[in-house]
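Okay, structure first, notes after.
Any read-out appearing in this document is the output of simple, stated calculations on the displayed coordinates, not a laboratory observation. Note that this is a predicted model, so its numbers are computed, not measured. Virtual Cβ from ideal backbone geometry, glycine too; neighbours counted across all protein chains shown.
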Amino acid sequence: MQSKAATVQAYLAALPADRRAAIGAVRDVILENLDSEIEEGMLYGMIGYYVPHRVYPPGYYTDPKQPLPFAALASQKNYMSLYFVSVYWEPDQGLAAKHAQWFRDEWAKTGKKLNMGKSCIRFRKLDDLPLSLIGKAVKRISARTYIRHYEAALAGKRKDRPPSKKS
């Protein structure tokens with residue numbers, strides 16, 4: 001469910017009180033641990049955290065006008081979501097995969113159920129998330145490290161693609 005809010009403050013103000021409190025608490029943890037080169041703003045109708053063009057001029061490969069997405073927070077119809085790209089890296093992506101596995105292993109130690117979809121971690125209430133782990137996971141990945149892993153993953157995708165057919 002994409003919001004039409006133009007600012008993070010407007011996004012939060014439009015949420016019901018319980019969701020505003022939960023999203024706000026997760027947001028606080030992210031902001032406390034975020035690399036200084038990663039910024040917060042609205043991205044794809046969600047609260048987004050991204051590597052801005054001043055740090056990574058090429059932007060996001062599917063839309064270079066957009067900054068490179070790092071994470072996002074959203075209030076969906078039936079749950080809230082934390083989109084945390086670095087925990088979705090593939091097993092064959094070297095050091096990036098180690099971060100993803102570290103995250104899953106650390107989550108298991110919390111005793112909380114990990115409700116992880118194809119692109120997000122879903123939660124219905126704040127108690128569903130181990131906030132200290134979210135903070136540690138954000139802090140572990142600097143913008144520069146994220147860019148290195150992103151570019152390596154992108155290069156791997158390009159190698160796997162069949163040659164384009166030219167007429």
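Between Asn78 and Thr7, the modelled labels are 3.5 nm apart [label points 7 Å from Cα along Cα→Cβ]. Among [x] 1.19; [y] 1.07; [z] 1.02, which is the computed Cα Rg over 2.2 N^0.38 Å? Derived directly from the coordinates: [y].
Gain on full extension, evaluated as 0.36 nm per residue between His53 and Gln66 minus their Cα-Cα distance, stands at 3.9 nm.
Treating the beta-carbon of each Lys and Arg as +1 and of each Asp and Glu as -1, no other charges, what is the dipole magnitude of the chain about its Cα centre, to the nearest 20 debye?
Result for the chain is approximately 560 debye, rounded to the nearest 20.
Could you please report the charge total around Pro52, scoring K, R as +1 and D, E as -1 over all other residues with beta-carbon less than 11 angstrom from its beta-carbon? Result for the local shell: -2. Relative to the longest principal axis of the Cα atoms of the chain, the long axis of helix 143-160 lies at roughly 50 degrees. Compared with the dominant Cα axis of the chain, that is its longest principal axis, helix 131-140 is turned about 30°. Computed from the Cβ-Cβ distance with R0 of 30 Å, the FRET efficiency linking Asp28 to Lys98 stands at 0.65.
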